[in-house]
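Everything below concerns the one structure shown next.
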Amino acid sequence: MKSLSSTTVPNVVNILLVLVFNFIYISARRVPVNDYYGLYEHHQPQFAAALEKLEHEPKWVENWPDSSITMGQVSGVALDSSGLLLVFHRGPNIWGASTFSDRNVYNGIGEKPIPEPTILVINDTGELVDKWGQNLFYMPHGITVDTVGNVWLTDVALHQVFKFTPDQRDKPAMVLGEKFVPGDDESHFCKPSAVAVLSSGEFFVADGYCNTRIIKFAPDGTRILQWGKRYGESPFVFKVPHALTLAEDRGAVCVADRERGRVACFRADNGTYLAAYSSWLIGDRLFSVAYAPVHGGRLYVVNGPGGGAPVRGYVVDYESGRMVGTFAPDGKFSNPHDIAVTSDGSRVFVPELDPYRVCKFIDDTPRNATESAPPAKPTANIVLLFGLQRDSLKKVQLSGSSAVPVGPVSAWGAVSGAMGAALGAVGAALLALGALALLRARNRGKEVEAEPLVQ
């Protein structure tokens, strides 16, 4: 009779456990966001160990910008083509619990707009070189600068989107939405949060706090398509699409889905879902995202308070979804709200609502936008938990896009759960194989059950 090695059954059990945990990790992006609540408080050593395994880049620049520059709550930052930083702040206004009615109407109607310049232009050394935007806004939120120098802004109190040309800063060249009137039809927004502009002039609006949708526009402001869904489990469900970034070299627009704690990327031409990125290390609140075409593509993200994780910035490899870096001033942020990064990844800027400030970070690592992404650090938990490997994504055929062209009749839809089904099938297959191996080991064990096992 053949003898059974003393390590056979334990080894098979260990293999089965590995298969189970890998399936759980691969499927981690499907864990409900509220499952992260309280994770940090109970697992601080694990968070600290994970952070230590990441590169602490880029580095914080202290005493930047010039201390004479005053600002209120800083809601957004953007870089122009010359490298100047535009800071969008709220002056004396503060978004609090009583700022809006229960129907999302601004309670300050009748008051004057912010009298001081709400856009501050700061150079690389931290000096104020220009300021404008006075007597225009009530509750500033998002800001971006397109390739020809137009500045695009959103105001959540006005429920409007604005475009300012380089030679006209006191009057907008385009205004979308009706002043102070929230809505969900084709002529209204409800607290729009962000804008992203393609080099073609087409642009996207994240709308926003109430409507949970992304809308694509032609350069003249004509609606092209929209997507988004309020309820369900599909990748098209948003819970506050809070910020936008473009990866034009990838043909993608990516959304910081704040209350789902993820970055969701879609095809910029038709809204088809591409991929989502999330992590227990970031938690269930992700406030903003920016993209730089370096090392094959990098996403720069910031989370926020109340998300069950340290409040920090993270650098993510776009291709693999692996976390490769982390950054914060004095060890952590308090309440970061947006992020901007130079195209070469050498400078990163993060504004905070409280304290009222903008933090600058630098990364002197040589950059090459055409090189392939380097291997990630051997931090298996972070790598496996941070989204799905893009190689796997390429093998999953989604049923299509839920984006719908704007016309007389439009409805927000959702893609089927093909991604989850594919992952479930793979996981089930792995579990079945593991169970079969365990059963065979047990059957072999019955043949020698009269013989004592060596411990």
*Please say if region 37-158 is rounded, prolate or oblate, where rounded means a/c under 1.5 for a ≥ b ≥ c the square roots of the C-alpha gyration tensor eigenvalues, and otherwise the choice is prolate for a/b larger than b/c and oblate otherwise?*
oblate
*Estimated FRET transfer efficiency when R0 is 25 angstrom, pair Asp364-Ser67 (beta carbons, to 0.05)*: 0.55
*For Glu116 and Asp220 in the same chain, what is the full-extension length gain: residue separation times 0.36 nm, less their Cα-Cα distance, in nm?*
34.5 nm
*With r defined as the distance between the Cβ atoms of Asp249 and Val148 and R0 fixed at 25 Å, what FRET efficiency is calculated, to the nearest 0.05?*
0.85
*asked:* Multiplying the sequence separation of Phe180 and Ser200 by 0.36 nm and subtracting their Cα-Cα distance, what value in nm do you get?
replied: 4.2 nm
_Please compare each pair in Lys191/Lys239; Lys131/Lys216; Lys131/Lys360; Lys112/Lys191; Lys163/Lys239; Lys171/Lys360 to a cut-off of 22 Å on the Cα-Cα distance and tell me which ones are over it._
Lys131/Lys216; Lys163/Lys239; Lys171/Lys360
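Taken together, the values in this text are just the output of simple stated rules run on the coordinates, not laboratory data. Predicted, not measured: the structure shown is a model, and the values here were computed from it. Here the Cβ is made from the backbone with ideal geometry for all residues, glycine too, and neighbour counts use every protein chain on show.
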